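Below: the structure, in structure tokens.
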Amino acid sequence: MTLRLYDTATREVSDFVPRTPGQVGIYVCGATVQAPPHVGHLRPSVAFDVLRRWLERSGHRVTLVRNVTDIDDKIIAKAAAAGVEWWAHAAHYERVFTAAYDALGVLPPTYEPRATQHVPQMIELMQRLVERGHAYSTGVGNVWFDVRSWPAYGELTRQRLEDLAPEPADDADAADPAAAKRDPHDFALWKAAKPDEPATAAWDTPWGRGRPGWHLECSAMAQRYLGDEFDIHGGGLDLRFPHHENEQAQSRAAGYPFARRWMHSAWITQSGVKMSKSLGNGLLVADVLAAAPAPVVRYAVVSVQYRSMLEWAPDTLDDARTTWDRLTGFVQRATERVGAVPRDEVAKAELPEAFAAAMDDDLNTPAALAVVHEHLKAGNTALAQPAGAEADAAVRAGLVAVRAMLDVLGLDPQDPHWATATSGDDATRVALDALVAAELEARAAARAAKDWATSDAIRDRLAAAGVVVQDGPDGARWTLAD
Ligand SMILES: [Zn+2]
């Protein structure tokens with residue numbers, strides 16, 4: 001069997017052939033660390049974590065890069081509103097995201113570069129684009145990508161320039177019309193320093209002081225860690241345009257082949273609408289984790305194929321919990337009957353063919369889970385037989401198969417990561433603590449601004465998730481109800 005994956009660029013499922021046999025380079029766009037994550041933010045990380053685990057299980061060495069966007073308009077604005085340094089704001093939410101990834105069993109990426117640590121690489125890339133006639137500077141500090149100079153612009157998302165809405169005008173244009181860009185579709189590689197922004201949020205370049213435009217950082221960091229060409233570029237569906245279109249244009253116009261395949265995970269929706277903080281239906285990871293154990297949340301995310309919209313209904317977590325309890329119940333009873341199976345054996349066990357075929361079919365996780373449930377059923381049937389060599393062998397075979405398949409999905413109940421998490425211990429507590437702390441901080445900021453509606457909404461949301469908040473002289477404390 002060959003792994004077949006959907007490619008957003010060709011819009012087809014095709015055989016996956018790594019550039020170098022046995023090695024795979026993946027770049028996934030990470031978070032802009034400006035606010036606590038909702039569960040929709042975490043879906044791409046979980047989806048590419050499953051891809052990475054499957055590639056590794058199939059004998060590949062995977063290098064996975066996931067960046068941190070630690071400077072952008074929102075980070076600067078929110079930090080200013082909260083009266084803290086932009087980098088302190090970013091560092092805080094980076095930790096919150098890390099706690100959320102960890103809580104959901106997402107393996108740490110091989111490298112997790114921050115945008116602000118790669119300014120020299122970005123300058124080099126801009127230099128190359130300017131030399132090749134694909135970028136230009138206007139005024140002091142602005143550098144634009146010249147879309148008219150690159151006929152392939154729009155190829156990733158199959159859009160013609162004529163049909164696209166113009167890029168929003170930058171404030172700098174309004175202030176100095178002479179510095180205006182050549183074409184309304186030209187996008188910012190570098191943004192001029194603004195007088196009302198902190199001096200620490202700007203770097204010197206040959207074109208003046210400024211800070212990175214969002215798209216540039218990913219082109220620079222992908223090349224730094226994966227080379228001029230790499231296997232897979234991934235992210236959430238909403239990043240296809242303009243972010244990924246612009247990344248590809250920058251890198252290819254600079255003369256680098258860039259990503260050979262594009263993969264995008266679909267949204268999490270509520271009543272069919274994309275989960276989003278701005279739409280007011282963003283379920284924070286902190287709230288979700290307070291309502292259900294972490295592996296149950298991961299199970300709910302993994303049970304839908306990554307390219308399908310995942311509708312987060314009121315009973316989503318209850319259903320996942322029922323199924324998860326059935327799986328862990330079997331694993332526990334089978335282990336009591338035949339003894340513990342070492343993790344090593346689970347990691348090397350041969351996987352049922354139907355499971356491997358489902359995973360090779362563009363990571364068809366629901367079909368793969370159906371195979372897990374067939375083996376669960378057979379295992380339970382064997383468990384119901386009186387103890388004896390034959391029945392015990394069947395129980396053990398079922399146990400190994402179920403755990404091995406779940407392990408590929410990052411859901412082996414006896415993975416030490418969950419073994420601690422399910423007993424309500426430290427790892428979950430630490431993650432939950434960090435996530436609730438972010439909520440309480442937002443509430444404190446709302447109270448300081450006398451925004452009682454927001455402050456009450458946060459308290460009510462936490463209460464609905466079983467987190468009780470008490471205000472005291474040293475600030476708010478929280479406990480879990482029950
Ligand atoms: Zn990116």
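The values are calculated or read from the model by the stated rules, or taken from the named source; none is laboratory data. What you see is a predicted model, and the numbers here were worked out from it, not measured in a lab. A quick note on method: Cβ atoms are made from the backbone with ideal geometry, for glycine too, and the neighbour counts reach across all protein chains shown. Just so you know, the surface numbers come from the protein's heavy atoms only, side chains and all, with ligands and any DNA or RNA stripped out. Shrake-Rupley method; radii C 1.70, N 1.55, O 1.52, S 1.80 Å.
What to note about this one:
- The one condition in (1) open to solvent by 10 Å² or more (accessible area, probe 1.4 Å); (2) assigned to a strand (DSSP E or B); (3) under 13 Å from TRP144 (Cα atoms); (4) within 16 Å of the ligand (Cβ to nearest atom) that LYS191 fails to fulfil: (4)
- GLN223 falls short on exactly one of the conditions (1) more than 19 Å from the chain's Cα centre (by Cα); (2) more than 16 Å from the ligand (Cβ to nearest atom), and that condition is (2).
- Residue within the range 2-16 that is in contact with a strand residue (DSSP E or B) (Cβ under 9 Å, 6 or more places away or on another chain) and modelled with pLDDT under 95 present: yes
- Any hit, the range 35-44, residues being within 18 Å of the chain's Cα centre (by Cα), within 15 Å of the ligand (Cβ to nearest atom) and small (Gly, Ala, Ser): no
- Within the range 379-391, the set of residues being over 35 Å from the mean Cα position of the chain (by Cα) and under 18 Å from THR328 (Cα atoms) comprises ASN380, THR381, ALA382, LEU383, ALA384.
- Matching entry among ASP231, ASP196 (being on the phi < 0 side of the Ramachandran plot, assigned to a strand (DSSP E or B) and away from the ligand (no atom under 12 Å from the Cβ)): ASP231
- Test: residue in the range 246-261 that is more than 16 Å from the ligand (Cβ to nearest atom) and hydroxyl-bearing (Ser, Thr, Tyr): no
- Residue in the range 265-278 that is under 22 Å from GLU167 (Cβ atoms) and buried (at least 19 other Cβ atoms within 10 Å of the Cβ) present: no
- For the range 49-99, a tally of residues being under 24 Å from ILE232 (Cβ atoms), part of a loop (DSSP other than H, G, I, E, B), within 16 Å of the ligand (Cβ to nearest atom) and out of contact with any Lys or Arg (no Cβ under 6 Å at 6 or more places or on another chain) returns 1.
- Residue match in the range 386-409 (condition: basic (Lys, Arg), modelled with pLDDT of 95 or more, farther than 30 Å from GLU12 by Cβ and surrounded by 15 or more Cβ atoms within 10 Å (Cβ to Cβ)): yes
- Counting only residues that are farther than 23 Å from ALA165 by Cα and either touching a helix residue (DSSP H, G or I) at 6+ places or on another chain (Cβ under 6 Å) or within 13 Å of the ligand (Cβ to nearest atom) (or both), the range 199-216 holds 4 of them.
- Taken together, LEU51, LEU64 contain a single residue that is more than 21 Å from PRO212 (Cβ to Cβ), crowded, with 24+ Cβ neighbours inside 10 Å and in contact with a Pro (Cβ under 7 Å, 6 or more places away or on another chain), which is LEU64.
- Scanning the range 249-283 for residues that are of a type in the set (Gly, Ala, Ser), part of a strand (DSSP E or B) and touching a Gly at 6+ places or on another chain (Cβ under 7 Å) yields a single hit, SER265.
- Test set (1) open to solvent by 40 Å² or more (accessible area, probe 1.4 Å); (2) within 16 Å of the ligand (Cβ to nearest atom); (3) within 30 Å of ASP196 (Cβ to Cβ); (4) in contact with a helix residue (DSSP H, G or I) (Cβ under 8 Å, 6 or more places away or on another chain) - HIS118 fails condition number: (1)
- The set of residues in the range 203-223 that are farther than 13 Å from HIS118 by Cα and open to solvent by less than 10 Å² (accessible area, probe 1.4 Å) contains only GLY210.
- The set of residues from the range 234-245 being within 13 Å of the ligand (Cβ to nearest atom) and without any contact (Cβ under 8 Å) to a residue 60 or more places away in the chain comprises just one member, ASP238.
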